[in-house]
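Have a look at the structure below, then the notes.
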Amino acid sequence: MPLHQSDAIILKTYPLGEADRIVAFFTRDRGKVRGVANGARKMKNRFGASLEPLAHSRIQYFEKENRDLVRIQSAELLDSPMKLFGDYDRAVCAGHMIELVDRFLPEHEPQDTVFRLVRMTTRALEQGCPIDFASCYFEVWMLRLAGVFPNLFVCSVCSRTLQSEDERFLAPGLQAVICGDCDHRAGVGVLPGVVALVLRVLKRPLEGESESDFEAKTLSDLQQLNRYWIRHYSER
């Protein structure tokens with residue numbers, strides 16, 4: 001029964017019996033893992049805050065072949081998310097991030113890009129990044145990495161590369177983009193502000209308090225599209 005050590009982001013915990021917890025955690029090198037932390041529910045336990053949601057911890061665990069759950073031996077807290085959970089709205093955003101990671105990622109598949117995305121978004125929220133922008137940024141990248149977010153910069157009919165100022169439409173089903181020169185009569189227009197926002201998300205890392213250049217309606221428009229694509233992914 002080999003012992004593994006990995007930096008991980010804690011996703012969720014569930015009670016197990018009177019003293020133990022089942023912990024879902026997202027490791028940098030082994031993907032999403034679920035394991036049992038013996039004694040984690042006791043008032044005095046060796047884990048402390050290292051198994052709280054969104055905690056960045058270094059976990060040692062034993063993995064036995066043909067067992068769904070590993071056994072967590074130890075957890076060292078590297079970075080605490082407690083500052084986020086002291087603010088209700090930021091805590092809700094953090095919970096949304098956790099749900100998307102848990103929903104989108106299969107178990108035991110390393111996803112270093114997603115790991116870095118979660119860490120970057122968590123830090124930006126702690127540093128005062130507007131919540132709607134951070135949430136929108138995270139959703140776009142999760143959808144894109146899952147292959148769900150449509151390419152807004154290539155026409156799906158003629159394959160023409162579209163510039164940010166070009167007219168474009170979402171085809172029925174909202175899964176493909178059509179340029180203004182192709183038949184788009186059944187399509188839905190994409191507002192220029194949404195295109196500019198997507199371009200910003202794809203081209204620059206998420207930062208702190210300075211991220212407030214986009215109007216609330218533009219963020220809302222993109223978030224509505226994101227939520228549609230998230231539902232579409234969940235129903236596949």
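The values are calculated or read from the model by the stated rules, or taken from the named source; none is laboratory data. The structure presented is a predicted model; accordingly, all values stated were derived computationally and were not measured. In this analysis, Cβ positions are derived from the backbone assuming ideal geometry, glycine residues included, and neighbour counts consider all displayed protein chains.
Some points to look at:
- Just so you know, in region 2-40 the residues that are touching a Leu at 6+ places or on another chain (Cβ under 8 Å) and without any contact (Cβ under 8 Å) to a residue 40 or more places away in the chain include one that is nearest to Leu69 (Cα to Cα), and it is Gly35.
- Output for region 28-56, where each listed residue is of a type in the set (D, E, K, R) and touching a Ser or Thr at 6+ places or on another chain (Cβ under 8 Å): Arg28, Asp29, Arg30, Arg46, Glu52
Residues are listed down the side, and each one gets a yes or a no for (1) polar (S, T, N, Q); (2) under 10 Å from the mean Cα position of the chain (by Cα):
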residue	(1), (2)
Val101	no, yes
Phe115	no, yes
Val118	no, yes
Ile131	no, no
Ala134	no, no
Glu139	no, yes
Asn151	yes, no
Gln163	yes, no
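- Selection of region 29-54 for residues being in a loop (DSSP other than H, G, I, E, B) and not charged (D, E, K, R) yields Asn38, Gly39, Ala40, Met43, Asn45, Phe47, Gly48, Ala49, Ser50, Leu51, Pro53, Leu54.
- Within region 149-183, being among the charged types (D, E, K, R) and surrounded by fewer than 18 Cβ atoms within 10 Å (Cβ to Cβ) holds for Arg160, Glu165, Asp166, Glu167, Asp181, Asp183.
- Only residues that are in contact (Cβ under 8 Å) with a residue 60 or more places away in the chain, within 21 Å of Tyr228 (Cα to Cα) and surrounded by fewer than 21 Cβ atoms within 10 Å (Cβ to Cβ) were counted across region 107-132, and they come to 1.
- Qualifying residue in region 76-89 (condition: farther than 18 Å from Leu125 by Cα and not assigned by TED's automatic domain parsing to the domain that holds Tyr228): yes
- The lone exception for Met97 - which of (1) out of contact with any strand residue (DSSP E or B) (no Cβ under 8 Å at 6 or more places or on another chain); (2) over 18 Å from Pro110 (Cα atoms) it fails: (2)
- Between Leu125, Leu117, Leu174, the distinction of being out of contact with any strand residue (DSSP E or B) (no Cβ under 9 Å at 6 or more places or on another chain), among the aliphatic types (A, V, I, L, M), within 30 Å of Phe26 (Cβ to Cβ) and modelled with pLDDT under 95 belongs to Leu125 only.
- Of the residues making up region 83-106, just one is surrounded by fewer than 16 Cβ atoms within 10 Å (Cβ to Cβ) and of a type in the set (Val, Ile, Thr), namely Val92.
- The set of residues in region 18-27 being surrounded by 18 or more Cβ atoms within 10 Å (Cβ to Cβ) and either hydroxyl-bearing (Ser, Thr, Tyr) or touching a Ser or Thr at 6+ places or on another chain (Cβ under 9 Å) (or both) consists of Arg21, Val23, Ala24, Phe25, Thr27.
- Any hit, region 87-100, residues being in a helix (DSSP H, G or I), at pLDDT 95 or above and among the aromatic types (Phe, Trp, Tyr): no
- Pair list, Cβ < 9 Å and 6+ apart or interchain, from region 52-69 residues that are among the acidic types (Asp, Glu) to residues that are part of a loop (DSSP other than H, G, I, E, B): Glu52/Ser80; Glu52/Pro81; Glu63/Met1; Glu63/Pro2; Glu63/Arg30; Glu65/Met1
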